[in-house]
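No lab work stands behind these numbers, since they all come straight from the coordinates. For clarity, every value in this text was computed on a predicted model and none was experimentally measured. Here the Cβ positions follow ideal geometry from the backbone for every residue, glycine too, while neighbour counts run over all protein chains shown.
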Ligand SMILES: [Zn+2]
């Protein structure tokens with residue numbers, strides 16, 4: 001059971017904002033001051049992931065380094081498939097497909113956020129990594145308030161997304177309307 005604040009998170013909304021989903025390109029994300037060896041000399045390398053997207057492929061490639069016991073650096077390269085749905089008023093909504101296999105069964109969940117908890121090697125969905133939902137909403141003035149709020153909304157989104165498929169003949173279902181509202185609310189709490 002991991003805590004969402006001890007995990008690196010990769011949000012599809014960030015990739016979309018940086019423009020690499022449609023056009024392709026390379027993006028480096030660095031988790032500044034992150035708990036993973038942020039005091040170390042090579043903290044930037046340990047805390048970064050390089051994301052590559054080719055224009056005509058429905059996947060991204062991730063490259064990053066994890067630090068094992070005895071300070072051994074391990075280089076990880078993996079691919080994460082992407083999928084998208086058509087929004088009612090045009091445009092696409094993108095998702096990661098969780099690349100993890102748990103107990104021999106591929107997860108394949110469609111998710112908006114992937115996590116890499118402390119001590120794990122691969123990014124995966126909240127469910128596979130057993131990321132717990134925060135139960136406590138801090139006072140608004142608390143510095144962690146936005147993180148908790150965003151995490152709670154993401155939890156609701158994940159629950160709705162599981163099992164949700166394409167729109168039925170273009171009709172906006174109640175679920176999709178709720179989902180749109182949650183995505184809008186989430187945008188109020190940027191990373
Ligand atoms: Zn998963």
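Of note:
- Mean Cβ neighbour count within 10 Å, used as a protection proxy, ranking 13-22, 147-156 highest first: 147-156, 13-22
- Note on residue 189/residue 22: beta-carbon distance plugged into 1/(1 + (r/R0)^6) with R0 of 25 Å gives a FRET efficiency of 0.55.
- Applying 1/(1 + (r/R0)^6) with R0 = 22 Å to the Cβ-Cβ distance of residue 70 and residue 120 gives a FRET efficiency near 0.80.
- Linear extension gain, residue 78 paired with residue 56, 0.36 nm per residue minus alpha-carbon span: 6.1 nm
- Label-to-label distance for residue 13 and residue 174 is 2.5 nm, based on points extended 7 Å past Cα in the beta-carbon direction.
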